[in-house]
Amino acid sequence: MHPIAYHHKYMRPRDYGKKLLARKKKPKAGKAAKVAAAAQRGPTASRSPGAVSQRAPALPARPSEDLAPPPTSASPGAKKTLDRILSKAGLGSRTEATDWIREGRVKVNGRPVTSIDMWIHPKRDVVTLDGAPVREGAKLYILLNKPKGYLTTYKDPEGRPTVYQLLKGVPGFVGTAGRLDMDTSGLLILTNDTSFADFITSPISHVPKTYLVKASSRLTDEQLDSLRKGLNLEDGPTRPAAVTRLRDSEKYTHFEITITEGRNRQVRRMVEAVGSKVLKLVRVSIGPISLAGLTIGAWRELTTAEVRSLVAIREKEEAK
Ligand code: URA
């Protein structure tokens, strides 16, 4: 049996900067063809120059995993559920991980486990999938230019297209940092760094998100001012927004809006609150990250500088 298999690398968002500075270059590799092979090798490093992608160093080997005590469903200091550990290792979604556990393919400390709600102590417990050690995945930060008509969920019961169908070649499982409506296109960040994703999406982070909007009517200066100042929506008042009129046609107004929240369907609801509708919505940037050069439906990894620039927003907010 393999020795220690998993290294806990919990990182508070404020630690990103230090972590990035301390990062090491990783060897290149593609997504594993088979999950078991991926588990053996661990998720891969970055594909693009400067991309942030790291793997935790292995801990010293345990003498024998068979000697380790079985994990409990409520062990003291337990940190993560088993499905989460498998998913964070970049091997698949939590749903897939749940299936592997149920199928008896996952062992903890040498014993088969079929309970999905087991808590694992990442530093102490040894997790294997099909006999191969599960190591925490390299950090992946993906930028996708989402086309209209794709859902940001992993699987759709109705069989509609999801953004995951566009992520071929991404070396590990990533979750979306926030959502875009099916009919919204543009910039979407996906990552396996859950703290980073929380930071991007949290309303208290105030990360600016900029959208291009085509309204279903010509908007007056007063209507644009209302969007700017903030409106009362059913889930509370909106924060002030930056709004720039781009052009008017006979029937429509095209404008740009930057909001520092990310509530569900927020832009659409704001435009409705001033008596119009959104006909077209494209997210063009999140903070300093833009879609420039990325064709619709394509993805790339964020560079270290881009991840850092997003982290800097948080540091600025904290300093206020
Ligand atoms: N606001 C919306 O209304 N929809 C989106 O998809 C994103 C922001």
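In segment 90-107, what count of residues is obtained for those that are at positive phi and free of Cβ contacts under 8 Å to residues at least 12 places away in the same chain?
Residues that pass the stated criteria total 1.
Gln266 is checked against (1) near the ligand (Cβ under 10 Å from one of its atoms); (2) in contact with a helix residue (DSSP H, G or I) (Cβ under 9 Å, 6 or more places away or on another chain) and fails just one. What number does that condition carry?
Among (1) near the ligand (Cβ under 10 Å from one of its atoms); (2) in contact with a helix residue (DSSP H, G or I) (Cβ under 9 Å, 6 or more places away or on another chain), the lone unmet condition for Gln266 is (2).
List the number of the failed condition for Gly169; all other conditions in (1) within 16 Å of the ligand (Cβ to nearest atom); (2) at pLDDT below 95; (3) on the phi > 0 side of the Ramachandran plot hold.
Single failed check for Gly169: (1).
Taking the residues in segment 239-254 that are under 28 Å from the mean Cα position of the chain (by Cα) and surrounded by 16 or more Cβ atoms within 10 Å (Cβ to Cβ) as candidates, determine which candidate is farthest from Glu317 (Cα to Cα). Show your work before the answer.
Here is the first cut: in segment 239-254, the residues under 28 Å from the mean Cα position of the chain (by Cα) are 239-243.
Filter once more, keeping what is surrounded by 16 or more Cβ atoms within 10 Å (Cβ to Cβ): 241, 243.
Working: Ala241: 17, Val243: 22 Å.
Only one residue tops the list, namely Val243.
Determine which single condition Arg314 fails, assuming it passes every other condition in (1) within 30 Å of Leu140 (Cα to Cα); (2) surrounded by fewer than 17 Cβ atoms within 10 Å (Cβ to Cβ); (3) of a type in the set (Lys, Arg).
Just one mismatch for Arg314, condition (2).
I'd like the residue in segment 194-227 that is surrounded by 15 or more Cβ atoms within 10 Å (Cβ to Cβ) and of a type in the set (D, E, K, R) and, out of all such residues, is farthest from the ligand (Cβ to nearest atom).
So, considering only residues that are surrounded by 15 or more Cβ atoms within 10 Å (Cβ to Cβ) and of a type in the set (D, E, K, R), the one farthest from the ligand (Cβ to nearest atom) is Lys214.
Could you list, in sequence order, all residues of segment 236-263 that are assigned to a loop (DSSP other than H, G, I, E, B) and away from the ligand (no atom under 13 Å from the Cβ)?
Arg239, Pro240, Ser249, Glu250, Lys251, Tyr252
Confirm whether Ile116 is assigned to a loop (DSSP other than H, G, I, E, B) and in contact (Cβ under 8 Å) with a residue 12 or more places away in the chain. Before the answer, list the steps.
On the way: assigned to a loop (DSSP other than H, G, I, E, B): yes; in contact (Cβ under 8 Å) with a residue 12 or more places away in the chain: yes.
Criteria met by Ile116.
Mind listing just one residue for me: the one in segment 255-279 that is within 14 Å of Asn232 (Cα to Cα), of a type in the set (A, V, I, L, M) and touching a strand residue (DSSP E or B) at 6+ places or on another chain (Cβ under 8 Å) and, of those, surrounded by the most Cβ atoms within 10 Å (Cβ to Cβ)?
Ranking the qualifying residues of segment 255-279, first place goes to Val271.
Do we find that Leu212 is assigned by TED's automatic domain parsing to the domain that holds Arg247, within 13 Å of Lys280 (Cβ to Cβ), assigned to a strand (DSSP E or B) and touching a residue at least 40 places away in the same chain (Cβ under 8 Å) in this structure?
On the way: assigned by TED's automatic domain parsing to the domain that holds Arg247: yes; within 13 Å of Lys280 (Cβ to Cβ): yes; assigned to a strand (DSSP E or B): yes; touching a residue at least 40 places away in the same chain (Cβ under 8 Å): yes.
When the stated conditions are applied, Leu212 passes them.
The values are calculated or read from the model by the stated rules, or taken from the named source; none is laboratory data. Given the structure is predicted, the values throughout are model-derived calculations rather than measurements. Glycine also receives a Cβ, built like all others from the backbone with ideal geometry; neighbour counts cover every protein chain displayed.
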